[in-house]
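Data block below; observations after.
The values are calculated or read from the model by the stated rules, or taken from the named source; none is laboratory data. Being a predicted model, the structure only gives us computed values, none of them experimental. Positions of Cβ are backbone-derived with ideal geometry, glycine not excepted, and every protein chain shown enters the neighbour counts.
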Amino acid sequence: MDDIVKAALAKWPNVPHCYGWLGLDARGQWFMRDDRIQAAGPFAPTPGETSAANKGSLLRHDKLIEFIHRNYGADEAGQWFFQNGPQRVYVELEFTPYIWRLQPDGTVRAHTGQPAGAVQRCLLDEAGRLYLQTGLGLGLVHTSDMALAADAVDAGTWHPDAVVTAELPTRFGFVRSPQGRLASARAVGEG
């Protein structure tokens, strides 16, 4: 986390959290979601649903993206967020908290640029998407890197196990939609 962010947190510790305004897609791209986009529906449909995604505006500002990457993390409930100064901006995930980029030398890096560490497990879902569990966490292999992934499988380096996409959040301890989780909690509290 950036020092300026730590200082802002110390100075303003009680800034309300922000939900629904930032999303991470299956290609490791960040999207801003204003009120209109949020009202149109979720960032990504729940696996198995056929509703349309409402991603929002693709972020293209390199310095902002680098700032998000440096200040990206998870809370104790498995909700991923970007710490924007004193405000925690929870992230809507299309699939997983990390999107893996495979390197020609066989190493794996997160969409944030962090080294993933050793691959502990390889998973293949019902739609043919490949996931890796690493020391850093669970992530989806970027579609552009599937040829390198196939080489690792063919070489016997990785042995994919079957997995159901909808089971990933519970099994690996992350929340795909903090905004949806908050809405569900509020609905239960009202009922």
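When we screen 8, 77, 53 for residues that are touching a residue at least 12 places away in the same chain (Cβ under 8 Å), closer than 24 Å to residue 142 by Cβ and of a type in the set (A, V, I, L, M), the only hit is 53. Would the range 56-67 turn up any residue that is surrounded by fewer than 18 Cβ atoms within 10 Å (Cβ to Cβ), within 18 Å of the chain's Cα centre (by Cα), small (Gly, Ala, Ser) and within 21 Å of residue 142 (Cα to Cα)? Within the range 56-67 (the criterion being surrounded by fewer than 18 Cβ atoms within 10 Å (Cβ to Cβ), within 18 Å of the chain's Cα centre (by Cα), small (Gly, Ala, Ser) and within 21 Å of residue 142 (Cα to Cα)), the answer is yes, since at least one residue qualifies.
The number of residues in the range 1-35 that are of a type in the set (Lys, Arg) and at pLDDT 95 or above comes to 2.
Quick one: which of 121, 109, 129 is assigned by TED's automatic domain parsing to the domain that holds residue 167 and in contact with a Pro (Cβ under 8 Å, 6 or more places away or on another chain)? Talk me through it step by step, then tell me what you get.
Values: 121 fails: in contact with a Pro (Cβ under 8 Å, 6 or more places away or on another chain); 129 fails: in contact with a Pro (Cβ under 8 Å, 6 or more places away or on another chain).
Checking each option against the conditions leaves just 109.
Restricting the range 97-112 to residues that are more than 10 Å from the chain's Cα centre (by Cα) and outside any strand (DSSP E or B), which is nearest to residue 139 (Cα to Cα)? Step through it out loud before you land on a result.
Residues of the range 97-112 that are more than 10 Å from the chain's Cα centre (by Cα), as a first pass: 100-110, 112.
Then drop every residue that is not outside any strand (DSSP E or B), which leaves 103-107, 112.
Numbers: 103: 15, 104: 18, 105: 19, 106: 16, 107: 14, 112: 12 Å.
If we take residues in the range 97-112 being more than 10 Å from the chain's Cα centre (by Cα) and outside any strand (DSSP E or B), then 112 is nearest to residue 139 (Cα to Cα).
Restricted to the range 74-93, and to residues there that are of a type in the set (D, E, K, R) and crowded, with 20+ Cβ neighbours inside 10 Å, the residue that is nearest to residue 31 (Cα to Cα) is 92. Figure legend. Inter-residue proximity from the range 156-178: first residues on the phi > 0 side of the Ramachandran plot and assigned by TED's automatic domain parsing to the domain that holds residue 49, second residues in a helix (DSSP H, G or I) and not aromatic (Phe, Trp, Tyr), beta-carbon distance below 8 Å, spacing 6+ or different chains. No pairs are indicated. In the range 95-109, the count of residues that are under 23 Å from residue 53 (Cα atoms) and exposed (fewer than 13 other Cβ atoms within 10 Å of the Cβ) is zero. How about the range 113-126: which of its residues are in contact (Cβ under 8 Å) with a residue 40 or more places away in the chain and part of a strand (DSSP E or B)? 121, 123 - these are the residues of the range 113-126 that are in contact (Cβ under 8 Å) with a residue 40 or more places away in the chain and part of a strand (DSSP E or B).
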